[in-house]
Amino acid sequence: MMGKGVKRIGVLTGGGDCPGLNAVIRAVVKTAVNRYDLEVMGINDGFEGLIHGWIKPLTPADVVGILPRGGTILGTTNRANPFQYPWKDENGVTRPRDCTPIILDNLAKYGIEALVVIGGDGSLKVARELAQQGVKIVGVPKTIDNDLNATDVTFGFDTAVNTATEALDKLHTTAESHHRVMVLEVMGRYAGWIALEAGLAGGADVILIPEIPYDLSKVCAKIMSRTEQGKKFSIVVVAEGAAPKGGSMVVSEYVNDTFDPVRLGGIGKKVAQDIAAECAVETRSLVLGHLQRGGSPSAFDRILATRFGAAAVKLVVEGRFGRMVCLRTPNIDSVDLDEAVREMKRVDPEGDLVYAAKSVGICFGD
């Protein structure tokens, strides 16, 4: 079905924020209005905005100056699954409710004929289910974790790696000055992309990722070997989903009303404590946390986000709904939403990046 009859589209950002969201919004608005003479409605706070009608017009004037800005001018949340949305019934009791009918009513009320959903795997799974119920949807892949298998890379990842690399550069100087082992915990959930690439770029001595369970004795052997060579400090990068051989990931808390109920965190502190006890060396840990999500996007992310936004509008105009834009280097392509969320992209332990890291002496604890 061709999309030439579409006159008004909506755009929302869902899940965790990341650098480049505003660049996508800007590209969607400017492409839709200037190239195709479409109207654009911005939906505040992700799918929650669709439920409550937090919807407003977006014009090119509204997106002036937002290209270099972090975050999202529309707001976002990862706590609003519209199929299990907390809703108070007539007795004041809060129960999960399928709000699809409300969403469909609001789309009709505001004249939104097609929807651009910018999000990670959780948001895109919701988008796929809405598409199956008749909503005309195009997805845009967003996550600093870079764990969506259907695209070569997601926007936001490059900036997060740059942030982590800058942190490692600074940790080197204090680690060397005090003859310490510094452990940096980075994000990534169940994939080790940020840890691996930041560790490579930042000259880490040890990189621990979910895809390669680690043996603490081998980590300590690497650190002691450096000490014997007169190198009195070491840098360890730990992905939040890393785990020891025979052990499990460290969970900081369980949250029932998010797309992912398991919140990881704490492995960096554990690794630091274990190294201090095993190696008898002074060790400190740092959790980089949400700094990786914030700040101005890198040039790469600005360009990729702009290409994604423009391509998403083109899919709408062509009537190619139920798809997600993706990067197939060097081109922007698209895939079915089913394929987009089918499996997670994880680091290949036998891949080129791990090979390069091991070749320059980085230890993975295996």
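Laboratory data are not the source of any read-out in this text; all were calculated from the coordinates shown. Everything quoted here is computed from the prediction, not taken from an experiment. So basically every Cβ, Gly included, is an ideal-geometry build from the backbone, and we count neighbours across all protein chains shown.
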Task: Ranked list, fewest to most other Cβ atoms within 10 Å of each Cβ, for CYS363, CYS18 - done: CYS363, CYS18
Open item on the list: If you fit an axis through the alpha-carbon atoms of helix 267-279 and take the longest principal axis of the Cα set of the chain, what angle between them do you get, 0 to 90°, nearest 10?
Closed with: 10
- [ ] For region 1-94, just the Cα set please: Rg and Dmax, both in angstrom.
- [x] 15.3, 50
Open item on the list: Please report the antiparallel percentage of the DSSP beta bridges confined to the chain, to the nearest 5.
Closed with: 35
Task: Alpha-carbon centroids, region 79-132 and region 1-70: separation in whole Å - done: 17
- [ ] Using a 10 Å cut-off on Cβ atoms, rank the peptides 221-230, 28-37 from the highest mean neighbour count down.
- [x] 28-37, 221-230
Open item on the list: I need to check one value: relative contact order of the chain, counting alpha carbon pairs closer than 8 Å and at least 6 residues apart, in percent.
Closed with: 23
TODO: For GLU185, list long-range residues whose amide hydrogen, built 1.01 Å from N in the peptide plane, is under 5 Å from its own amide hydrogen.
DONE: VAL238, LEU286, VAL287, LEU288
Open item on the list: Once you order the gyration tensor axes a ≥ b ≥ c over the Cα atoms, which shape class does region 173-285 get: rounded for a/c under 1.5, otherwise prolate or oblate by comparing a/b with b/c?
Closed with: prolate
- [ ] Based on other C-beta atoms within 10 Å, arrange LYS218, LYS345 from fewest to most.
- [x] LYS218, LYS345
Open item on the list: Could you give me D for region 68-129, from Stokes-Einstein at 20 °C and 1.002 mPa s, where the hydrodynamic radius is the Kirkwood radius over C-alpha pairs? Units µm² s⁻¹, please.
Closed with: 157
Task: Alpha-carbon centroids, region 177-203 and region 290-307: separation in whole Å - done: 20
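Hey, what did region 161-319 get for relative contact order, percent, Cα under 8 Å, at least 6 apart? Please list the in-between numbers first.
Working: 266 pairs, mean separation 43.1, N = 159.
The normalised contact order for region 161-319 reaches 27 percent.
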- [ ] For the chain, report the convex hull volume of the alpha-carbon atoms normalised per residue, in Å³, without decimals.
- [x] 138
Open item on the list: Can you tell me the convex hull volume per residue for region 82-171, based on C-alpha atoms, in Å³ to the nearest whole number?
Closed with: 152
Task: Angle in degrees between helix 157-178 and the longest Cα principal axis of the chain, rounded to the nearest 10 - done: 20
Open item on the list: Compute the orientation-averaged projected area for region 7-157 from the convex hull of its Cα atoms and round it to one decimal in nm².
Closed with: 9.2
Open item on the list: Need the list of lysines near LYS218 for cross-linking: C-alpha distance under 21 angstrom, and skip anything on the same chain fewer than eight residues off.
Closed with: LYS231, LYS232, LYS245, LYS269, LYS270, LYS358
- [ ] Treat the count of other C-beta atoms within 10 Å as a stand-in for reagent exposure and order THR100, THR59 from fewest to most.
- [x] THR59, THR100
Task: Peptides ranked, highest mean first, by Cβ atoms within 10 Å: ranges 120-127, 48-55 - done: 120-127, 48-55
- [ ] Enumerate lysine pairs in region 40-190 that are 8 or more residues apart or on different chains, then count those whose Cα atoms are under 26 Å apart.
- [x] 11
